Amino acid sequence: MSDKLPNFKKLPKLSRLEELFSYDPVSGKVLRKISTGKGKKGSFAGHIDDRRGLRIGIDGFKYLLHRIAWKMHYGKDPDDYIVFLNSDIFDLRIDNMALESKAKRRSKKRKRDESKDNIKPVARFSAEILVSGRL
């Protein structure tokens, strides 16, 4: 990939992830193998992060759960952005995730922004203030 790779946080070792979680690539479920803090054995791993999907705390650091799922399936850190093919950031099935370069993401954003340039404002607003019943 010609673009400089994004500065992603290095994920924990695969052996550590497999010690803590099980991942089913067909259902997309990441379950805890052991109880840690508030998370009980057998429960779904991660919590909702409003901006970016699901996050998980591991050994004092927070990671995006879809990146953990990717590593557990492929055995290595994803080397680019992960996109969700059905646009559902909570659907962690491996068939729903794909890698996308920074250049491709920029190109798609530029196309979306260019399509917005042709939109004209439709509504106009005006206001009147009455003081003692007069304008």
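Leu17 satisfies every condition listed in (1) outside any loop (DSSP other than H, G, I, E, B); (2) free of Cβ contacts under 8 Å to residues at least 12 places away in the same chain; (3) not small (Gly, Ala, Ser) except (2).
From the list Leu11, Leu65, pick out the single residue that is of a type in the set (A, V, I, L, M, F, W, C) and farther than 21 Å from Ser101 by Cβ. Going through Leu11, Leu65 in turn, the sole match is Leu65.
Scanning the range 39-90 for residues that are more than 10 Å from the chain's Cα centre (by Cα) and of a type in the set (D, E, K, R) turns up Lys40, Lys41, Asp59, Lys62, Lys71, Lys76, Asp77, Asp79, Asp80.
Any residue that is of a type outside the set (Gly, Ala, Ser), surrounded by fewer than 18 Cβ atoms within 10 Å (Cβ to Cβ), modelled with pLDDT under 90 and closer than 16 Å to Leu92 by Cβ - is there at least one of those in the range 12-24? No, the range 12-24 has no match at all.
Listed by position, the strands (runs of 3 or more DSSP E) enclosed by the range 41-106 that each have at least 2 residues that are touching a helix residue (DSSP H, G or I) at 6+ places or on another chain (Cβ under 7 Å) are 53-58, 81-84.
The values are calculated or read from the model by the stated rules, or taken from the named source; none is laboratory data. Just so we're clear, the structure is a prediction, and the values are computed from it rather than from any experiment. When we count neighbours, we look across all protein chains shown, and the Cβ atoms used for this are built from the backbone with ideal geometry, even at glycine.
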